[in-house]
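Heads up, the thing below is written out as C-alpha cells.
The values are calculated or read from the model by the stated rules, or taken from the named source; none is laboratory data. Note that the structure is a prediction, hence the values are computed from the model and not measured. FYI the Cβ positions are ideal-geometry reconstructions off the backbone, even for glycines, and counts take in every protein chain you see. Keep in mind that these areas ignore ligands, DNA and RNA; they rest on the heavy atoms of the full protein, side chains included. Shrake-Rupley method; radii C 1.70, N 1.55, O 1.52, S 1.80 Å.
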Amino acid sequence: MKFTEEHEWLRVEDDVVVVGITEHAAEQLGDIVFIELPEVGIQVVKDDEVVVIESVKAASDILAPIDGEITEVNEILTDEPSKVNDDAAGDGWMFKIKASDPSQMDDYMDEAAYKKFVG
C-alpha cells in the first residue's frame, strides 16, 4: 500500500490501482454526508479533481494520484457515504484506476513513512 501527502491510499490489485482516503483524512473530515464519484471510463491525469466529498465540517476534492482510466467506482458510497468513516481503507474505497504509468506511485510513502508524516 502507498500513501500520498494528500491523505490518499493506493493498493495495487492485479492490473488496477484501488484508491481511497486514509483513516486520518476521514477523521479530519468528520461525518461524511455526500460523495460525488467520477464516471467510469474517463481518462484522468495526476492531480485532476476526481471525487468531491462533503462532510459536516467541510467539502473536499480528491485528486487523481496517477494518470489512467477510471475502471470502477464504489457505487455503495453514493447511498452510504459514511462507509468511508466506518472503513476508510476497506469498504470505503472510492475508485479503481488502470494506471498509464505505474511508476508514478514510486515516490509515494509506505505505511511507516505515512504514519510519521501525520504523526
Counted residues in region 1-27 being open to solvent by less than 10 Å² (accessible area, probe 1.4 Å) and among the hydrophobic types (A, V, I, L, M, F, W, C) come to 7
With the checklist (1) in contact (Cβ under 8 Å) with a residue 12 or more places away in the chain; (2) more than 16 Å from E8 (Cα to Cα); (3) not in a loop (DSSP other than H, G, I, E, B); (4) not aliphatic (A, V, I, L, M) in hand, flag the one item D61 doesn't pass.
-> (2)
Picked from region 73-105 (must be under 14 Å from R11 (Cα atoms) and open to solvent by 70 Å² or more (accessible area, probe 1.4 Å)), the residue farthest from the chain's Cα centre (by Cα) is P102
Is there a residue being under 20 Å from A89 (Cβ atoms) and not polar (S, T, N, Q) anywhere in region 52-60?
-> yes
Note on region 37-53: residues part of a strand (DSSP E or B) and under 14 Å from the mean Cα position of the chain (by Cα) are V44, E49, V50, V51, V52, I53
